[in-house]
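The values are calculated or read from the model by the stated rules, or taken from the named source; none is laboratory data. The structure displayed is predicted, hence computed values, not measured ones. Note that each Cβ is placed from the backbone with ideal geometry, even for glycine, and that neighbours are counted across all protein chains shown. We work out accessible area using only protein heavy atoms, side chains counted, and drop any ligands, DNA or RNA first. Shrake-Rupley method; radii C 1.70, N 1.55, O 1.52, S 1.80 Å.
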Amino acid sequence: MALVIETGLIVPGAESFATAAELVTYAANFGRVIPADTPSQEALLRRAALEMNAKPWKGYTVSSAQVLCWPRYEVCLNKWLLPSNTIPAQVKAGQMALATEIYADDLKDPATKQGAAIRKKVGPLEFEYAAASSIVTKAAATRQSYAQFAGLLESSSQVKLSRS
C-alpha cells in the first residue's frame, strides 16, 4: 500500500512527509544504504515518522485531527515565523535521514552493541559491559537527522506550560 503523504494540509491518514522515491534519491545523494524494495522503504519512512512524533517540537500542532507532528503553528526558525500550512524542508530531509539511520542500526549485529560498563578493574585492564538496552540500540539522536531538526525542536531547558 502506498504511503499517504502529509503536505501541510492535514491529510487524513498521513504516514510520512517523504515518498519512497524521495528516500531513494536522498540515500543516493548522501551515500546511505536503504532496502531495494519499495515496501521496505515505505516501512522505514513510517518508522521514522513514528519516532519523530515523540520529539519535542516547537510550536503546536495545527489540528487535533492530524496524525503526524507537522504541520505546526507558532514555530520560529532563524527569527522567521514558519507558515502553518507547509512542511519545512528540514522536516522532510530529517525524516529521510532518520529512516537511513534506523536501517543502519537494523543492520548492526546485536552482539556488537554494548551497554554501560558494569565492572572495571584498574590493574591489568578488565571491563565488563551490560547487555545493550533498546535505548542504546535505537538511532542515535546526534546523527544527521538531529542536525536537520536543529532549530525546530524545543531545547531541554525550555518548558512549555500553556498556550497564551
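I'd like the residue in region 24-39 that is more than 17 Å from the chain's Cα centre (by Cα) and of a type outside the set (Val, Ile, Thr) and, out of all such residues, is least open to solvent (accessible area, probe 1.4 Å).
Pro35
Would you call Ala21 open to solvent by less than 60 Å² (accessible area, probe 1.4 Å), at negative phi, in a helix (DSSP H, G or I) and not hydroxyl-bearing (Ser, Thr, Tyr)?
No; evaluated as a whole, the condition is false for this residue.
Conditions first: (1) surrounded by fewer than 17 Cβ atoms within 10 Å (Cβ to Cβ); (2) in contact with a strand residue (DSSP E or B) (Cβ under 6 Å, 6 or more places away or on another chain). Leu45 passes all but one, so which condition is the exception?
For Leu45, the exception is condition (1).
For Val91, state whether it is in contact with a helix residue (DSSP H, G or I) (Cβ under 9 Å, 6 or more places away or on another chain), part of a helix (DSSP H, G or I) and either in contact (Cβ under 8 Å) with a residue 24 or more places away in the chain or of a type in the set (A, V, I, L, M, F, W, C) (or both).
Yes; evaluated as a whole, the condition is true for this residue.
For region 53-73, which residues satisfy the criterion of being outside any strand (DSSP E or B), out of contact with any Leu (no Cβ under 7 Å at 6 or more places or on another chain) and touching a residue at least 40 places away in the same chain (Cβ under 8 Å)?
Answer for region 53-73, where residues must be outside any strand (DSSP E or B), out of contact with any Leu (no Cβ under 7 Å at 6 or more places or on another chain) and touching a residue at least 40 places away in the same chain (Cβ under 8 Å): Val62, Ser63, Ala65, Gln66, Val67, Leu68, Trp70, Pro71.
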